[in-house]
1. Per residue, how big is the convex hull of segment 133-266 when only Cα atoms are used? Give it in Å³.
2. Under the Karplus relation 6.51 cos²θ - 1.76 cosθ + 1.60, θ = phi - 60°, what is the ordered set of whole-Hz ³J(HN,Hα) values for segment 193-207, x standing for Gly and Pro?
3. May I ask you to derive the FRET efficiency for Asp18 and Ala156 from their Cβ-Cβ distance with R0 = 22 Å, giving the value to the nearest 0.05?
4. How many nm is it between the label spots at Arg210 and Arg253, if each spot is 7 Å from the Cα in line with the beta carbon?
5. For segment 1-73, state the average projected area of the convex hull of the C-alpha atoms over all orientations, rounded to one decimal in nm².
6. About its Cα centre, what dipole magnitude does segment 137-261 give when the only charges are +1 on Lys and Arg Cβ and -1 on Asp and Glu Cβ, stated in debye to the nearest 20?
7. Between Ala201 and Thr264, what is the label-point separation in nm under the 7 Å Cα-to-beta-carbon projection?
8. Taking the mean number of other Cβ atoms within 10 Å as a proxy for protection, how do you rank 9-22, 197-210, 46-59, 179-192 from highest to lowest?
Amino acid sequence: MARGRTVSQLVRKYEGGDSRRAPDQLVVEEPLEIRLDGTRVTTTMRTPGHDYELAVGFCHTDGLLAGAPVQTVRYCATGSAVDTAFNVVTVETGGLAPVPTPRLTTTTSSCGWCGTDEIDAVTDRLAPVPGHVAIDAAVLAEMPDRVRGRQELFDATGGVHAAAAFTADGEVLLVREDIGRHNAVDKVVGRLLLDGSLPAAGLGLFVSGRTSFEIVQKAWAGGFSAIVAVSAPSSLAVDAARRAGITLAGFARPGRLNVYVDPTPTAPT
């Protein structure tokens, strides 16, 4: 559901020594409470739109589904969706998923994982991605330009991140935008899961910002073969990508690329 993703705001614009009053578009940020089989597992600050994908993707990448199939996804399973302003989504497995432990704090649009216990828990439950598929460096370097033309919300506001799934030959399969990078990735993963397309063997994941440990963790849970970003990875992201067996690249520009992790015997040139 892609409703109300921007609002108009009157601003004063300065340019060339002159100023004028003009409308500008701002990206909407609202809380989304995600429930799994009736238990609240998190509240994340997000851009409304593709909320079902976000909820399913979060439950999958956080390991909450534990392989249980998603039976239904709906707004506010305890009452009217209108009463909760479409800001509560329930993912239901019919009780097949383990009883979740709720996150008691809000996940912000810039939130990442913290704490060695959480990191160890993530890496311990995920095996290295099997059957690594190498994606040519030239394809990885082209992804920012290929995705850019489909970032409609960024064009309107300049205030959102994008994530995209793409094939080894560079075909962009889907693009999702959100104020939070991790939310954009969850929306991509959620769409692939709902389509029965996980694990994403042989596919790459593009992100429009830096690559944190959490982004690698989500790509790892989704089974992606590669991650490429327009900015740098963190040291922990590099360590996680090595452990996962995922190609990790950053600072992607036409004709330029830094490859930080390459599981194949010979690094791309």
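Any read-out appearing in this document is the output of simple, stated calculations on the displayed coordinates, not a laboratory observation. Model, not experiment: these values are computed from the prediction. Counting neighbours? That spans all protein chains shown, and the Cβs are built from the backbone with ideal geometry, glycine included.
1. Here the figure is 90 Å³ per residue.
2. 5, 5, 8, x, 10, 9, x, 7, 4, x, 9, x, 10, 9, 10
3. 0.35
4. My value for the distance between the label points is 1.9 nm.
5. So the Cα hull casts an average projection of 6.7 nm².
6. 260
7. It is 1.8 nm.
8. 179-192, 46-59, 197-210, 9-22
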